[in-house]
Amino acid sequence: METAARSICPFCSMGCTWRPGREAARPFAGEPPAPTLDYDPGGGPNRGSLCAKGNMSLELMTDPGRLEEPLLREEGRLRPASWEEALGRAAAGIAAIRAARGGRAVGILLGPRATLEEAAAAAALARAVGTPHLDLCEPEDHAVLAGLAYSPARPARVEDAARLEAMNAILVVGDLLSLSPCIARPVLDARYRSRRHALAVLGPLRSRTAWFGRPFLRCEPASEAEALAMLLGLVLDAPGGPAPGWADEVRRLLSRLPRGELERGCGLAPGAAADVAAALRAGPASGVLLACEFGTTERMDLVAGLAALVAEAAGARFLAMLEGADSLGIRGVLDAEGFPGEEGQTAPEMLEAAVTGDLRALLVLGADPVAAFPGTMASQALAAAALCVVSAPFPCAATDLAGIVLPSAVFGEKGGTVRGAFGTPAVLVPAMAPPGRALPEAAILAGLAAALGLPPAAAAAAGPGAAARAPAPPTAAHDFFSELELFLRTRSREARSREPGSHLLLAEASAANAAEGSLTGRLSWARYAHPRALLGIPAADAAALGAGDGDRVRVRSNWGQAVLPIRVDRGLPPGVVTAPHRDPAVRGLLRWRREPVLRSLDLRPDRVSLERAGEADRA
């Protein structure tokens, strides 16, 4: 494996690399050299290029707003503390809760940018404390990975970007180019290599990716599961290789669902969908790429499983683009270690348990659950916990509620191993030391274990060779398809009972956001590109409100309300509005829905009503 000095962009799961450099000249004599970002033509899928957010990676290390010392909350305010005092207080709090309620009253949430070694250290700490509650804190990735484990499909993986360039047919579910702009090169190279190439894009909006789609399979908003179920049936009907073992189960399911109702529910043109199915099945090299985001897709877990089924049925390779830089690797380590397992709680369940008082301590390592999850459940959980410890590189919504704040390192300041969407391990090599007294989560976990009097975590086992995704637990295909059939029937009834005049709020896909947005929100480029939250609204709907660009409207859901300025978007279909879901005002409009089977959140769009804001709101 390549081990030369090289770091990795932290803003998505592509694993784009860059090399740390040093400036030779400084304006003042004796001033230490500053870090520089050098492109890395030979490593990673980006082959020397970086997207706008990736180019700003060094801003994370030089931002003057970094947390540089531990903080303890006393009388409502945070004060500086030493590491010994901060870890001692955290250890004393955990020990007291364990003595009173047992280790199961402690929950650990691990952010999507932890290394494999840090994930293993967190597992060792959880086991030593006696809690089964350890999980990845990234709701989109949690739903996708849960759905892929639950689905019976096991398609071949797209193992590198070069594989994409050689494909003659690609199906993209979602807005790939907004989520991971650097993947545009191999995908568009394949798209324009041959006039006969098919780049089919499935989604409800004409996104950046959809502009290149040939064809663009425009489905009804939040109907991706129906569209993929319909496409799966067409792929199985198309001539080609042998059918997978679960094919008969799919055919039985589809026979119980009226084909016409499925077509009407998703809005796909049967002819175009059949052409895509045939292209995927007939092509010598084809792929299915999943790139769905929070708040755009209903039942993302089922959508992920269906996309994998389509890939396997077509003999295509599959790639799920994840929000977190190391979500795939972390999930693999936790699966191998048995967390959370049947006895342990998932991240959403931990937050619910903290609100009810069943969970008394929350350790949040490198994540901001308040920004990551919809509604107010996460903020209630952190406020309700008797002990709330948060490690983060910057102040964020989670640190505002924490009793103990621990400053942590970012990529470029720590070593370790990560595993991106392509599944291959990559080594982080620090470009510089963390600022002040900040530490990597690996050191924080080791210090906390020492303060608790526990043996050091054995993180060495989580090296590159041991980090592969553990095999999913055996799942009967019948279970997945039963859940899918129940959902499709329920979804059909819900679609027929929509209230007239209401709008569907979809998340706005944007490269300025990554994971929970706590890092991208610090970038100067992101602040320039998206200085404020705007509500995208169709021209006809804006005219009906008597509003134009910049005017403010009140958006109401059953869960909250917000006043937002509008941006008239002539590309939106009537009845659909968009907004950046990472904005706190928008997040408060969304409902918390936890699926009982896969125990992940259903991050579906929500229905809202609009009215012109009053004079007081416009002030």
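Among the trypsin sites (Lys or Arg not before Pro) in region 163-204, which ones are in a DSSP loop with at most 10 other Cβ atoms within 10 Å of the Cβ? Mind listing them? List each step's numbers first, then the result.
Details: sites: R163, R191, R193, R195, R196; in loops: R195, R196.
Those that pass, being in a loop and sparsely packed, are R195, R196.
For S502, enumerate residues with amide H under 5 Å from its amide H, sequence gap 5+ or separate chain, H modeled in the peptide plane.
Counting only residues 5 or more places away or on other chains, the set is empty.
In terms of modelled amide H atoms, which long-range or inter-chain residues lie less than 5 Å from the amide H of F318?
Residues meeting the criterion, in which the H sits 1.01 Å from N, are A156, R157, V158, V288.
May I ask for the longest run of the chain untouched by GluC sites (Glu not before Pro) that are loop-located per DSSP and have at most 16 neighbouring C-beta atoms (other than their own) within 10 Å?
Result, exposed sites excluded: 344-619.
Please work out the FRET efficiency for the pair D479 and R607, using the Cβ-Cβ distance as r and a Förster radius of 25 Å; give the result to the nearest 0.05.
Efficiency, rounded to the nearest 0.05: 0.25.
Which of the trypsin sites (Lys or Arg not before Pro) across region 201-243 are loop residues per DSSP, with 11 or fewer other Cβ within 10 Å?
none
Can you compute the modelled spin-label distance between W211 and A52, with each label point 7 Å from Cα toward Cβ, in nm?
For the pair W211/A52, the computed spacing is 1.2 nm.
For region 57-71, take each phi angle, set θ = phi - 60°, evaluate the Karplus expression 6.51 cos²θ - 1.76 cosθ + 1.60, and give the result in whole Hz per residue in order, putting x for glycine and proline.
These are the phi-based 3J(HN,Hα) values: 3, 5, 4, 5, 8, 10, 5, x, x, 5, 6, 10, 8, x, 10 Hz.
What are the ³J(HN,Hα) couplings of region 212-221, residue after residue, when phi is run through the Karplus curve with 6.51, -1.76, 1.60 and θ = phi - 60°? Round to Hz, x for glycine and proline.
9, x, 9, x, 9, 8, 7, 9, 5, x
For the chain, find the longest principal axis of its Cα atoms and tell me its angle to the long axis of helix 327-337, 0 to 90°, nearest 10.
Tilt relative to the chain: about 70 degrees.
Angle between the Cα long axis of helix 116-129 and the longest principal axis of the chain, 0 to 90 degrees, nearest 10?
Relative to the chain, helix 116-129 is tipped by roughly 70 degrees.
Assuming 0.36 nm per residue, please report the length gained on full extension of the stretch E75 to A166 beyond their Cα-Cα distance.
26.6 nm
Keeping all protein chains in place, calculate the accessible area per residue for the chain (probe 1.4 angstrom), answer in Å².
37
Taking R0 as 22 Å, what's the FRET efficiency between T490 and R251 from their Cβ-Cβ distance, rounded to 0.05?
The computed FRET efficiency comes out at 0.55.
Please work out how much accessible surface T346 shows to a 1.4 Å probe, ignoring ligands, DNA and RNA, in Å² rounded to 10.
10
Treat every Asp and Glu Cβ in region 237-313 as -1 and every Lys and Arg Cβ as +1, leave all other atoms uncharged, and give the resulting dipole magnitude about the Cα centre to the nearest 20 debye.
Once rounded to the nearest 20, the dipole reads 200 debye.
Short version: ³J(HN,Hα) in whole Hz for each residue of region 379-396, in order, from phi by Karplus 6.51 cos²θ - 1.76 cosθ + 1.60 (θ = phi - 60°), x for Gly and Pro, what are they?
Along region 379-396, the couplings run 5, 5, 5, 5, 6, 7, 5, 5, 10, 10, 10, 10, 9, 7, x, 9, x, 8 Hz.
Given a Förster distance of 30 angstrom, what is the FRET efficiency for A99 paired with E342, based on the Cβ-Cβ distance and rounded to 0.05?
0.70
For the Cα atoms of the chain, what angle does the longest principal axis make with the long axis of helix 347-356, in degrees from 0 to 90, nearest 10?
The helix 347-356 is inclined about 60 degrees to the chain.
Under 15 Å from the Cβ of V187, count the other residues' Cβ atoms, weight Lys and Arg +1, Asp and Glu -1, and hand me the total.
+4
Which cross-chain or sequence-distant (5 or more) residues have an amide H under 5 Å from the amide H of L452, H modelled 1.01 Å from N in plane?
The answer is none.
PRE reach from A156 (point 7 Å along Cα→Cβ): which of region 255-286 fall under 16 Å by backbone N?
280-286
Which of the listed residues, M377, L236, A544, is farthest toward the dipole's positive end in the chain, when Lys, Arg count +1 and Asp, Glu count -1 at the beta-carbon?
Positive-end residue among those listed: A544.
Two decimals is fine: what is log10 I(q)/I(0) at q = 0.05, 0.06, 0.10 Å⁻¹ for the chain, from a Debye sum with one equal scatterer on every Cα and no solvent?
Values, matching the q order: -0.21, -0.31, -0.89.
What are the trypsin sites (Lys or Arg not before Pro) within region 47-147 that DSSP puts in a loop, where the Cβ has at most 14 other Cβ atoms within 10 Å?
none
Working out 0.36 nm times the residue gap between A128 and A243, then minus their Cα-Cα distance, what length gain in nm do you get to one decimal? If you can, show how the numbers build up before the last one.
Details: separation 115, 0.36 × 115 = 41.40 nm, distance 4.67 nm.
Extending this stretch completely gives an extra 36.7 nm.
Could you give the dipole magnitude of the chain about its Cα centre, charging the beta-carbon of Lys and Arg +1 and that of Asp and Glu -1, in debye to the nearest 20?
My answer is approximately 960 debye.
Where in region 422-455 does the label zone of L188 land, with the point 7 angstrom along Cα→C-beta and an amide N cut-off under 14 Å?
Zone members listed by number: none at all.
Using the alpha-carbon centroid of each, what span in Å lies between region 248-273 and region 111-160?
33
Consider a paramagnetic label point 7 Å from the Cα of D400 along Cα→Cβ; state which residues of region 527-549 have an amide N under 19 Å from it.
527, 531-534
Hey, what number do you get for the chain at 222 nm if only DSSP H runs of n ≥ 4 count, each worth -39500 (n - 2.57), divided across all residues, to the nearest 500?
Per the formula, -10000 deg cm²/dmol.
Using +1 at the Cβ of each Lys and Arg and -1 at the Cβ of each Asp and Glu in region 325-466, identify which of G415, T356, A392 lies farthest towards the dipole's positive end.
So the residue furthest toward the plus end is G415.
Which of S178, A124, S7 sits farthest toward the positive end of the charge dipole of the chain, with +1 on the Cβ of Lys and Arg and -1 on the Cβ of Asp and Glu?
My answer, from the dipole projection, is S178.
The values are calculated or read from the model by the stated rules, or taken from the named source; none is laboratory data. From a predicted model like this one, the values you see are computed outputs, not experimental measurements. Cβ: placed from backbone, ideal geometry, glycine included. Neighbour counts: every protein chain shown. The accessibility values were calculated without ligands, DNA or RNA, using every heavy atom of the protein model including side chains. Shrake-Rupley method; radii C 1.70, N 1.55, O 1.52, S 1.80 Å.
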